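J.: The structure follows.
The values are calculated or read from the model by the stated rules, or taken from the named source; none is laboratory data. Bear in mind that the values here come from a model prediction, so they are computed numbers and not experimental data. Cβ placement follows ideal geometry from the backbone for every residue including glycine, while neighbour counts extend to all protein chains displayed.
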Amino acid sequence: MSDRLITIMLGFGGGVMLAATAFSLLIPGIEAAGELYGAKSLVLVVITLGLAFGSLLLSVIHRFAPHEHFIKGVDGTKSSSLARVWLFIIAIALHNFPEGLAVGVSFGSENTSDGIITALGIGLQNMPEGLIVAVSLIAEGYRTRYALWVSFLTAIIEPVGSFVGFGLVSLARSALPLALAFAAGAMLFVICDEIIPESHKRGKENEGTIGIIAGFIVMVMLDIAFGG
């Protein structure tokens, strides 16, 4: 694929995730905290802590887990014992877990419309992401069937994250605002530290920005179409 297309696709994924963070996680989290706690000071503390802890956890994992970006190359603690294909898998897993967590938490809030919007949006951005993984591996000389299988493996972590998020919220309803904010913080870190910088690495910043806006618009359309 051309640099222009890859950049647009990466940007699109970032735009979808950014909108999902705001519309399906952060805003519902603030509303749920207001209903549970009442006092604005408590809402502020819970949402702020959730955002901070979510982004901090992803930051720590990102720093120490070896992984390979589509464009930047190897990042995290270097490990010569890991094959490049597994570095790709770890990289996508770092992205997909908070995405799955966001979907699970959204459905766990019992607001089906938010869950549907989040799931559809994340599903949309997963398609170009999975395609980029497969094409990148094929370009490195791997067989098509093997590349597709690896692309599939990178997605397994997402339903795991969904079950974790749904389970945590189902067990403790009072933890819903914190869980929503935590998932939002994790997603926000991935967007700012991984997706957007990657979409601007090939000298196609304008295309990356167009992709981000397009992804955001798609999520706005889904929110209008399915929102309660």
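J.: Among the residues of the range 30-68, write down those that are at pLDDT 75 or above, surrounded by 15 or more Cβ atoms within 10 Å (Cβ to Cβ) and within 18 Å of the chain's Cα centre (by Cα).
T.: GLY50, LEU51, PHE53, GLY54, SER55, LEU57, LEU58, ILE61, HIS62 - these are the residues of the range 30-68 that are at pLDDT 75 or above, surrounded by 15 or more Cβ atoms within 10 Å (Cβ to Cβ) and within 18 Å of the chain's Cα centre (by Cα).
J.: Return the residue satisfying two criteria in turn: it lies in the range 119-149 and is touching a Leu at 6+ places or on another chain (Cβ under 6 Å) and farther than 23 Å from PHE166 by Cα, and of such residues it is surrounded by the most Cβ atoms within 10 Å (Cβ to Cβ).
T.: Restricting to residues being touching a Leu at 6+ places or on another chain (Cβ under 6 Å) and farther than 23 Å from PHE166 by Cα, the top hit is ALA147.
J.: Scanning the range 182-227 for residues that are at pLDDT 80 or above and polar (S, T, N, Q), which turns out farthest from VAL45 (Cα to Cα)?
T.: ASN206
J.: While we're on this one: If you check every pair at least six apart or on different chains, which have Cβ atoms under 7 Å apart with a residue in the range 96-110 that is touching a residue at least 12 places away in the same chain (Cβ under 8 Å) and among the charged types (D, E, K, R) first and a residue that is crowded, with 24+ Cβ neighbours inside 10 Å and not in a helix (DSSP H, G or I) second?
T.: Matching pairs, first to second residue: none at all.
J.: Moving to a separate point now. What pairs come up if the first residue lies in the range 4-22 and is at pLDDT 80 or above, the second is surrounded by fewer than 24 Cβ atoms within 10 Å (Cβ to Cβ) and not in a helix (DSSP H, G or I), and their beta carbons are under 7 Å apart, counting only those six or more places apart or on different chains?
T.: Final answer for the pair search is ARG4/LYS204; THR7/ARG202; THR7/LYS204.
J.: Something else: Is one or more of the residues making up the range 167-176 surrounded by 15 or more Cβ atoms within 10 Å (Cβ to Cβ), within 21 Å of GLY11 (Cβ to Cβ), modelled with pLDDT under 85 and not β-branched (Val, Ile, Thr)?
T.: No, there is no match, as no residue in the range 167-176 is surrounded by 15 or more Cβ atoms within 10 Å (Cβ to Cβ), within 21 Å of GLY11 (Cβ to Cβ), modelled with pLDDT under 85 and not β-branched (Val, Ile, Thr).
J.: Restrict the check to the range 212-227 and report whether at least one residue is outside any loop (DSSP other than H, G, I, E, B), over 29 Å from LEU36 (Cα atoms) and not aliphatic (A, V, I, L, M). Spell out how you get there, then give the answer.
T.: Here is the first cut: in the range 212-227, the ones outside any loop (DSSP other than H, G, I, E, B) are 212-226.
Checking which are over 29 Å from LEU36 (Cα atoms) leaves us with 212-218, 221.
Retained after the next criterion (residues that are not aliphatic (A, V, I, L, M)): 215-216.
So far as the range 212-227 goes, yes, one or more of its residues are outside any loop (DSSP other than H, G, I, E, B), over 29 Å from LEU36 (Cα atoms) and not aliphatic (A, V, I, L, M).
J.: Over 27 Å from GLY38 (Cβ atoms) and touching a Leu at 6+ places or on another chain (Cβ under 9 Å): which single residue out of GLU194, GLU205 fits that description?
T.: Exactly one of GLU194, GLU205 is over 27 Å from GLY38 (Cβ atoms) and touching a Leu at 6+ places or on another chain (Cβ under 9 Å), namely GLU194.
J.: If a residue must be within 20 Å of ASN126 (Cα to Cα) and surrounded by 21 or more Cβ atoms within 10 Å (Cβ to Cβ), how many such residues does the range 197-215 contain?
T.: Here the count works out to 7.
J.: Quick check on this structure: which one of ILE92, ILE116, ILE71 is more than 26 Å from PHE163 (Cβ to Cβ), among the hydrophobic types (A, V, I, L, M, F, W, C) and either assigned to a helix (DSSP H, G or I) or at pLDDT below 70 (or both)? Steps first, please.
T.: On the way: ILE92 fails: more than 26 Å from PHE163 (Cβ to Cβ); ILE116 fails: more than 26 Å from PHE163 (Cβ to Cβ).
One residue alone meets the criteria, ILE71.
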